[in-house]
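The values are calculated or read from the model by the stated rules, or taken from the named source; none is laboratory data. Just so we're clear, the structure is a prediction, and the values are computed from it rather than from any experiment. All Cβ positions, glycine included, derive from the backbone under ideal geometry; neighbour counts span all protein chains shown. Accessible surface areas use protein heavy atoms only, side chains included; no ligands, DNA or RNA. Shrake-Rupley method; radii C 1.70, N 1.55, O 1.52, S 1.80 Å.
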Amino acid sequence: YTAPDTARVNVTLEIPPGSLKFAKDKGKFRSTMNVLGIAYRPDGGVAARFSDSVKLAFDDKKEAEAFDEKPFHYEKQFEMATGKYNLKVVFSSAANNFGKLEAPLVMEPWQPSQFSLSGLALSKHARAADGAPGVEADLIEDRVPMIANGVRVEPTGTNHFGKSDRVFIYAEIYAPAMTDPDLKV
C-alpha cells in the first residue's frame, strides 16, 4: 500500500525469445517494444492503465540476434485503488506481431488495524543493494526497487522454476503499529 486504499502494482513480463523485430537504422539494429496495460473493473470499466515504449539499439545484427535468443525481461510499476480487476497487457515490436497476457488482479482494501501481507514476488536473481547499478535510476523513474536487508530482488515474470534454480520471494508486511504507533490492537 502506498496510501489508504491505494496499492503499488508491480508488473513483470518475460517476453518470449524471437518476439522482437529489429530493423537497421542509422547504422544500428533497433527495436521498440510497445506495452499497454489496462486494469478492468468487473463491470468492464477501465480502472487504471499504463503504456510504455522500450527502445533497444545494437551495433550489429549478431548482437541483436544474441539479445533476442533469451526472454526479454520487462518491469513496470503503477498505482491504483484497491479492488478486484482483470489486468490485460498487450506488447508489440512490429505492426503484425503482438502478444497478449491476461490475469486477475486482486488487492484487498487497506485495513490499518490489521496485520497484512502484500502479494508475493518470485525471483531467480538477487544481489547486494548497496551500490547496485540501477537503484538510483529506479528512484529517479519513480520505481521502488524490492530491497530487504540489503538485498535487491529482481522479480521474474514466470512461476516456473527448475529443480536446481535458486528461488527468492519478496513480500512486504503491513503491521498496524508501523503506520500508527498509538494504535491499540
Point to revise | Dipole magnitude of the chain about its Cα centre (Cβ charges: Lys, Arg +1; Asp, Glu -1), debye to nearest 20 | key: 600
**Study point:** the chain - percent of accessible surface contributed by carbon and sulfur, probe 1.4 Å
**Key:** 53
Check your understanding: Under a plain spin-label model, where a point goes 7 Å from the Cα along Cα-to-Cβ, how far apart in nm are E69 and N97?
Key -> 1.7
Revision key, fill the gap. Amide H neighbours of W110 at under 5 Å, excluding residues fewer than 5 places away on the same chain, with H built from the backbone geometry, are D5
Check your understanding: So if we plug the beta-carbon distance of Q77 and S164 into 1/(1 + (r/R0)^6) with R0 = 41 Å, what FRET efficiency do we get, rounded to 0.05?
Key -> 0.85
Check your understanding: Using modelled amide H (1.01 Å from N, peptide plane; none on Pro or chain starts), what sits under 5 Å from the amide H of E172, excluding residues fewer than 5 places away?
Key -> S118
Exercise for review: Name the long-range amide H neighbours of M80: under 5 Å, sequence gap of 5 or more, or other chain; modelled H, no Pro or chain starts.
Suggested key: A7, V9
Exercise for review: State, to one decimal in nm, how far the label point of I38 lies from the label point of K84, with both points 7 Å from Cα in the Cβ direction.
Suggested key: 2.1
Point to revise | Solvent-accessible surface (1.4 angstrom probe) belonging to L101, in square angstrom, nearest 10 | key: 80
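Run the numbers for E108 and A175: contour at 0.36 nm per residue of separation, minus the present Cα-Cα distance, in nm.
Values: separation 67, 0.36 × 67 = 24.12 nm, distance 1.48 nm.
Stretched out fully, the E108 to A175 stretch lengthens by 22.6 nm.
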